[in-house]
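Structure first, commentary second.
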Amino acid sequence: SPDAKSKASDYPSIQKIIKFSLPAIGVWLCSPVLSMIDTASVGLLAGTAQQAALNPAVSITDYGALLVAFMYTATTNLVAAAQEKDADPETSGEGNPRTTRTLITALRLALMVGVFFGAVLGTSASTLLKLLIGNDSLDPAVFSAALRYVQIRCLGMPAAVVIGTAQSACLGMQDVKSPLYVLAAAAGINFLGDVLLVRNGNPWLGGAAGAAWATVLSQYGALLIFMKWLTAKKDKIVKDCISPEDSIETATPGDGKDSKNLIRVTRGGVRRPAVKAIRKNLFSSSKRGKDETENQPKK
């Protein structure tokens, strides 16, 4: 029956679930993939002592990062719920959409959580390594190399948490391609950094430390890519939501215009902030079409 078909269409098929879930693995594979590249590079280029230091160090950084995984799950749920409310004219709010506010709040919280987690992990790295390696079998060369790796990796924890949160927001917006692109970019940057730094003889720039620096650089590089993606996505939303009869006027600070709203939409000589114009065009198209039909002259 038609009702049964409509109800069936509301539920995703197995094919759609598979297409969504497989790319979503990129959120959880980002940090392990970078650590795997570090382990392979150090084993080939830096010798056995540096290789032995990576095993406990990588375990602390990767397993410790699971403590902030609550940010990823919460962000996916909140962004998906906000997007659903923004799509409904009855529940959408004035000003910035709920999705935008939710994403900005999640990224700010992720930055604070990443800074706090990195500081705690960096200060407790020595204790954690002693517990993991054991005092009786502690090799000073291995311990010092592992400690340097963990401390350097802690510098990239803010970027790592923000990247994971942004990737989770992509899943909430049903964008499964962006996390894979960011994972591929981070892996490429990490590989190039390992090739350039691991061979260095300086203990703070080469060996396990060089692999850690390469991972940190790749994390911040991936963060810049995500920020560029967010900017491009925001511009696309603005272009898609402004109707053809609207004109876009830009403003720059110091030109005598209201620099608070750098993008304005003008219709009929009346300036309105772009956010209000977007909301009006999104949710009033049906009403505008009805008014135009009623105003047509009768034959």
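A few remarks follow.
- Residue pairs whose Cβ atoms lie under 6 Å apart, separated by 6 or more positions or on different chains, with the first residue in segment 131-147 and surrounded by fewer than 16 Cβ atoms within 10 Å (Cβ to Cβ) and the second at pLDDT below 90 and not in a loop (DSSP other than H, G, I, E, B), are Ala141/Ala49.
- Unique match (being under 21 Å from Ser31 (Cβ atoms), among the hydrophobic types (A, V, I, L, M, F, W, C), in a helix (DSSP H, G or I) and modelled with pLDDT of 90 or more) among Leu128, Leu180: Leu128
- Single unsatisfied condition, Leu109 versus (1) buried (at least 17 other Cβ atoms within 10 Å of the Cβ); (2) under 23 Å from Phe226 (Cβ atoms); (3) not β-branched (Val, Ile, Thr): (1)
- Selection within segment 35-81 - among the β-branched types (Val, Ile, Thr) and farther than 28 Å from Met173 by Cβ: Ile37, Thr39, Val42, Thr48, Val58, Ile60, Thr61
- Test: residue in segment 30-52 that is at negative phi, surrounded by 21 or more Cβ atoms within 10 Å (Cβ to Cβ), modelled with pLDDT under 85 and not basic (Lys, Arg): yes
- Qualifying residue in segment 92-99 (condition: polar (S, T, N, Q), closer than 14 Å to Gly172 by Cα, at pLDDT 85 or above and open to solvent by less than 70 Å² (accessible area, probe 1.4 Å)): yes
- Cβ-Cβ under 8 Å pairs, at least 6 apart or on other chains, segment 188-204 side within 16 Å of Leu54 (Cα to Cα), far side open to solvent by less than 30 Å² (accessible area, probe 1.4 Å) and modelled with pLDDT under 90: Asn190/Leu34
- Checking every residue in segment 151-160 against the condition of being out of contact with any Cys (no Cβ under 9 Å at 6 or more places or on another chain), assigned to a helix (DSSP H, G or I), open to solvent by 30 Å² or more (accessible area, probe 1.4 Å) and under 27 Å from Val42 (Cβ atoms) gives at least one match.
- Considering residues of segment 173-215 that are farther than 23 Å from Ala141 by Cβ and hydroxyl-bearing (Ser, Thr, Tyr) only, the residue most open to solvent (accessible area, probe 1.4 Å): Tyr181
The values are calculated or read from the model by the stated rules, or taken from the named source; none is laboratory data. Computed from a predicted structure; not experimentally measured. Positions of Cβ are backbone-derived with ideal geometry, glycine not excepted, and every protein chain shown enters the neighbour counts. Protein only, heavy atoms only, side chains kept; ligands, DNA and RNA dropped before computing areas. Shrake-Rupley method; radii C 1.70, N 1.55, O 1.52, S 1.80 Å.
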